[in-house]
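Data block below; observations after.
Read the figures in this text as sums done on the coordinates, not as results from a lab. The model shown is predicted, which means the values in this text are computed figures rather than measured ones. All Cβ positions, even for glycine, are placed from backbone atoms using ideal geometry, and neighbour counts span all protein chains on display.
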Amino acid sequence: MCPFRSAASDSGPPSNGFELNAAYQRSILATVPDAMIVIDDHGAILSFSAAAERMFGYSERELAGQNVHVLMPNPDRDAHDRYMARYMETGEARIIGIGRVTTARRRDGSNFPIELAIADAQTPQGRVFTGFIRDLTERQRTERRLNDLQLELTHISRISAIGSLASALAHELNQPLTAIANYMEGARDLLENPDAEALAIIREALDEAAAQSLRAGQIVRRLRDFISRGDSEKHIESLRKLITEASALALTGTGPAMIDVDIRLDPTADSVLVDRIQIQQVLLNLIRNAVEAMHRSPRRRIDIRSVRDGDMVTIIVADSGPGLTPDAARHLFEPFHTSKEQGMGLGLSISRTIIEAHGGRIWAEPADIGGAAFHFTLARAGSNEAQ
Ligand code: ADP
């Protein structure tokens, strides 16, 4: 959420007899996807939006008139009345008009991270505070899903995956589009009565709608980039170049924990006739899987080797993770078999399609450094290698 500024908060008591129109307020509360909670100057809940009901697990009826601190874990819960009293006395804002990340408490007692922005306003009925709350667990999950989707876009073979991608993308696109529609409808309704508070909420809604449209645009652009890469094209490529680039790409964003990557390639088997992007997708899949498998390993090491074998060259990606589980080993290379919460189980099946389309083989063995070692073969190109 962008920092919310209340037009009413810095202008002192209103001179124009601002009136909070209950019907419009209700309509906004029902449509805005962020939770909105309105309280009076003693912290008593006046209004609790439908999104807030879903987020906290309380109904508006249950909470009406209750102190808002029931929605907070300690130490905020005990201190909230004091915070409010201090603000009313001194006007010293720690959060009002600023916004911050904090923790909230659901009805079942579980805590979750939120982004909270508060606006205050004078109404003829007294001073009210409106909290806009975004559940960050949800956002983190969405970001993770988008990241995964982006990763899959680089992983997935152009030929086989467009169908499953299209449905995933339709799902991803639906979310920003619904949010935009909600923000727009809410803003339109508020325009009927454009007082200071309504305008502030409208501005907020328009900002959010703009951010959501950008997000939808990014999703579409990713799909277009993916599709426009065209059909498979084979050229003579340097394995060393393919492997170093793919491992750099696969290791970006893997977090601060050190991974020891040891690349040793046979210089007499460097040239291969391949579709560069497809083979890099295979390497990316294997290295990413290795990184993910070592998530909990105390020692994190990836060995990448190439070994000449007649007209072929074997490439090996080995890790020091826990190795394949019996179940993973049984279904390896089958689509949609995954042991990961966020996995699609497509990486290895697509890798096999690509390697077989190149006339090679792919298989897994236990690695001598403890985890799994994936091997695949490619045909060597030409006789211009150093012998
Ligand atoms: P995803 O990564 O989406 O699960 P993959 O087809 O790439 O799909 O992998 C399928 C499954 O194979 C993984 O979920 C995991 O259980 C197993 N696997 C793949 N690579 C490794 C590895 N290096 N170590 C242990 N298990 C692995």
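Only counting other Cβ atoms within 10 Å, I'd like K234, K241 sorted with the fewest neighbours first. Spell out each step's value before the answer.
On the way: K234 15, K241 12.
In increasing order of surrounding Cβ atoms, one gets K241, K234.
Sort D262, D303 by Cβ crowding within 10 Å, fewest neighbours at the top. It would help to have the intermediate numbers written out before the result.
Working: D262 11, D303 20.
Exposure proxy ranking, most exposed first: D262, D303.
Mind giving me the nanometre distance, one decimal, between the label points for V307 and A210, set 7 Å out from Cα along Cα→Cβ?
The modelled label-to-label distance comes out at 5.9 nm.
What nm value, rounded to one decimal, do you get for the distance between L191 and R361 when each label is placed 7 Å out toward the C-beta?
Simple spin-label model gives 6.8 nm for this pair.
Sort F56, F112 by Cβ crowding within 10 Å, fewest neighbours at the top.
On the way: F56 22, F112 15.
Ordered by Cβ neighbours within 10 Å, fewest first: F112, F56.
Given contacts defined as C-alpha pairs under 8 Å and at least six residues apart, what's the relative contact order of the range 268-366, whole-number percent?
Numbers: 104 pairs, mean separation 24.4, N = 99.
Taking the mean separation of contacting Cα pairs over the length of the range 268-366, I get 25 percent.
I'd like to compare 128-136, 192-200: which one has the highest average count of other Cβ atoms within 10 Å, and what's the full order after that? Each step should come with its number before you reach the end.
Values: 128-136: 21.4, 192-200: 16.9.
So the peptides 128-136, 192-200, ranked by packing, come out 128-136, 192-200.
Given I369, L324, V313, which one lies farthest toward the positive end of the charge dipole of the range 276-376, if we put +1 on the Cβ of every Lys and Arg and -1 on the Cβ of every Asp and Glu?
About the Cα centre, the residue reaching furthest to the positive side is I369.
Given a Förster radius of 45 Å and the C-beta distance between K234 and T178 as r, what FRET efficiency does 1/(1 + (r/R0)^6) yield to the nearest 0.05? Don't skip to the end; give the middle numbers.
Details: r = 43 Å, r/R0 = 0.96.
Approximately 0.55, to the nearest 0.05.
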